[in-house]
Amino acid sequence: MTTDLQQVIRRLNPNVPAGLNEAVLPRIPRDSRAIRQMYTHLNADPLAKVLLTGHIGVGKSTELLHLAQEMTKERLVIQCSVTKTLGTHNLDTFSLLLIILEASLRAWLEHFKELPVGLVEELVNPLRKLIPAGGTGDGFASLFNPELATTALEINTGSQLLNLYSKALQRLAWRYVSSATLDPSAMAWSCEMVLKELENRAGKPVLLILDDLDKVRDDSAQRDIFLERAMAWLRLPCGVVATLPLEVLFSSQGRELDEIWGEIHILEPLVVPSQEGESWTDPELQFYLQLLRQVNAHEVMTALQCRRLAYLANGLPRSFVFACATAVRYAIDTGASHVLDHHISFVRQDLQARWRGRLNNDDYQALITVLDSGGANVPNALKLLRDGLLIRNGDAPDDSQQFQLASWVTPLVEMYRQRQTKKGTLNTGG
């Protein structure tokens, strides 16, 4: 049975979107108002610009992968994963446009072979102006070593141009280049030209999917990409779907986002089943059970254990997969033939121990203020919302309960309240 556990854990990979290939978990359909609205918006307007947000791990990447698969017949779909291409540490509007341009050139070569000579010439001209002889200097030129810079002046094929931009992304991933020195206008112009010509060549609209933008944490980068320079990609001649950090929507910048982007779609967490109950037929448990059945994990885990792991996950599929994988690893480590109840306890204890040392008094106060205000004062707890300690669920039946603590955080907050009460009693001499 140990071998069976090892086979289970190979597919319980929380870092890969479900449905990517046969080696990972398949996508399990879910009823989502946000996803329905997103499809309606895109089908109605080929040039629609759509932002999808929600907690990290709620399933945005899985749904965007499914969107790409569903729209392939009607659109020429270009998918960009920011974290796989560059990472989020160096991301701003310039580097985002560089990612889009590189992905667009790659799509052209994949679908239509070489670029027309005239288009290559149009795209190389801005490079010749931006890169001085020898490739030395600041800003854009600093992304190229002297050899690449010389190559840029002699490019005459799309393959050479793609190679140049791919190398530039590699260098940008390795080093920091201040966005203040990188003017995105030439990059935006090149993106617009390639995307427009791609639509003409394909004979159908282009759909650009930008995943992982929701993982951008730097405040200045968030403002640069989604607000101050948003027009650089809002005006792209194609449909665009991008992910947005959930905390930005509830920050002081939220109103500006509404003005620029219009409606923003929020993918809500799944329904969270109760902790107790042995039945496999509970409707609130079915999504989680379907997921486990896909990897035969239901054979090594009871209904109650599944419930408790789903309860720990707070409606976030990735968190559930992570919790299940951790429980299975504990079973393997202890030589058990299946997951035992104390393995589930270890998963909960791991989460609490990890965050007990990270939270300070200000964090606890921010959480308590949101809870005691019935969901107000969220801007004071944005980093806790981002990290999944504070869970937002717009489908909650009671509006005052739309913001709740993650289940494993609740004991930590309760202990903090008790400490504060005890301290107050001591200070008053009670």
Defining a contact as two alpha carbons under 8 Å apart and six or more residues distant in sequence, what relative contact order in percent does the chain show? 22 percent
Can you give me the long-range amide H partners of Thr243? Hydrogens built in the peptide plane at 1.01 Å from N, cutoff under 5 Å, separation of 5 or more residues or another chain. Leu52, Leu210, Asp212, Leu213, Asp214
Loop trypsin sites (Lys or Arg not before Pro), the range 1-85 (other Cβ atoms within 10 Å of the site Cβ: 11 or fewer; DSSP): Lys73
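Given all pairs of different Cα atoms, what value in angstroms does the Kirkwood hydrodynamic radius of the range 225-383 take? The partial results should precede the final answer.
Working: mean 1/r = 0.0532 Å⁻¹.
After inverting the mean inverse Cα-Cα distance, the result is 18.8 Å.
So if we plug the beta-carbon distance of Arg128 and Gln286 into 1/(1 + (r/R0)^6) with R0 = 56 Å, what FRET efficiency do we get, rounded to 0.05?
Efficiency, from the Cβ-Cβ distance: 0.40.
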Under the helix-only model (-39500 (n - 2.57) for each DSSP H run of 4 or more, divided by the residues of the chain), the mean residue ellipticity at 222 nm, to 500 deg cm²/dmol, is -16000 deg cm²/dmol
Quick one: length gained pulling Ala396 to Glu154 fully straight, 0.36 nm per residue minus the C-alpha distance? 81.2 nm
Per the 1/(1 + (r/R0)^6) rule, R0 = 30 Å and r from the Cβ atoms of Lys422 and Ala353, FRET efficiency to 0.05 is 0.85
Considering only the chain, what is the antiparallel percent among its DSSP beta bridges, to the nearest 5? 15 percent
May I ask for the equivalent-ellipsoid semi-axes of the range 193-283, computed as the square root of five times each C-alpha gyration tensor eigenvalue and listed largest first in whole Å? 34, 22, 11
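Which of the trypsin sites (Lys or Arg not before Pro) across the range 354-430 are loop residues per DSSP, with 13 or fewer other Cβ within 10 Å? Show your work: numbers first, answer last.
Values: sites: Arg354, Arg356, Arg358, Lys383, Arg386, Arg392, Arg417, Arg419, Lys422, Lys423; in loops: Arg358.
Sites meeting the loop and neighbour criteria: Arg358.
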Accessible area of Met231, 1.4 Å probe, to the nearest 10 Å²? 120 Å²
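Suppose every Lys and Arg Cβ carries +1 and every Asp and Glu Cβ carries -1, with no other charges. What dipole size does the chain come out with about its Cα centre, to the nearest 20 debye? Spell out each step's value before the answer.
Working: 43 positive and 49 negative charges, 149 e Å.
Charge dipole of the chain: 720 debye, to the nearest 20.
Give me the mean projected area, in nm² to one decimal, of the convex hull enclosing the Cα positions of the range 331-430.
Details: hull surface 37.0 nm².
Value for the range 331-430: 9.2 nm².
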Here the gain from full extension of Asp362 to Lys383, 0.36 nm per residue of separation minus their alpha-carbon distance, amounts to 6.4 nm
Return the long-range amide H neighbours of Lys49 (sequence gap of 5 or more, or a different chain), with a cut-off of under 5 Å between placed amide H atoms. Val240
Could you work out how far helix 303-313 tilts from the main Cα principal axis of the chain, as a 0 to 90 degree angle to the nearest 10? 60 degrees
Computed from the beta carbon distance with a Förster radius of 25 Å, FRET efficiency for Gln37 and Asp219 to the nearest 0.05 stands at 0.35
What is the ratio of the Cα radius of gyration of the range 37-93 to 2.2 N^0.38 Å, with N the residue count, to two decimals? 1.26
Once each part is reduced to its C-alpha centroid, what is the distance from the range 72-120 to the range 288-311 in angstrom? 39 Å
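If you put +1 on each Lys and Arg Cβ and -1 on each Asp and Glu Cβ, how big is the dipole of the range 184-233 around its Cα centre, in Debye rounded to 20? Provide the component values of the computation, followed by the final result.
Values: 7 positive and 10 negative charges, 42 e Å.
The calculated dipole for the range 184-233 is roughly 200 debye.
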Any idea which of Gln290, Ala188, Ser319 is furthest toward the positive side of the dipole for the chain, if Lys and Arg beta-carbons carry +1 and Asp and Glu beta-carbons -1? Ser319
11 Å beta-carbon shell around Val194, net charge (K/R +1, D/E -1): -2
Label corresponding to mean projected area of the Cα convex hull in nm² when calculated from the structure given, among (i) 26.9; (ii) 21.4; (iii) 24.8: (iii)
Rank these residues by their accessible area, most exposed first, probe 1.4 Å: Tyr165, Tyr330. Tyr330, Tyr165
Spelling it out for Val206: with amide H atoms placed in the peptide plane at 1.01 Å from N, the residues 5 or more places away or on another chain with amide H under 5 Å from its amide H are Leu76, Gly239
When ligands, DNA and RNA are left out and all protein chains stay put, how many square angstrom of accessible area per residue does the chain have with a 1.4 Å probe? 46 Å²
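So, with +1 on the Cβ of K and R and -1 on the Cβ of D and E, and no other charges, what is the size of the charge dipole of the range 188-286 about its Cα centre, to the nearest 20 debye? All intermediate terms of the calculation are to be shown ahead of the outcome.
Working: 9 positive and 20 negative charges, 154 e Å.
For this selection, approximately 740 debye.
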Whole-Hz couplings from phi, Karplus 6.51/-1.76/1.60, listed for the range 353-366; x for Gly and Pro: 5, 4, 8, 4, x, 9, 7, 10, 4, 4, 5, 4, 5, 5
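The values are calculated or read from the model by the stated rules, or taken from the named source; none is laboratory data. Keep in mind that what you see is a predicted model, and the values were worked out from it rather than measured. Note that each Cβ is placed from the backbone with ideal geometry, even for glycine, and that neighbours are counted across all protein chains shown. Just the protein is used for accessible areas: all its heavy atoms, side chains included, with ligands, DNA and RNA removed. Shrake-Rupley method; radii C 1.70, N 1.55, O 1.52, S 1.80 Å.
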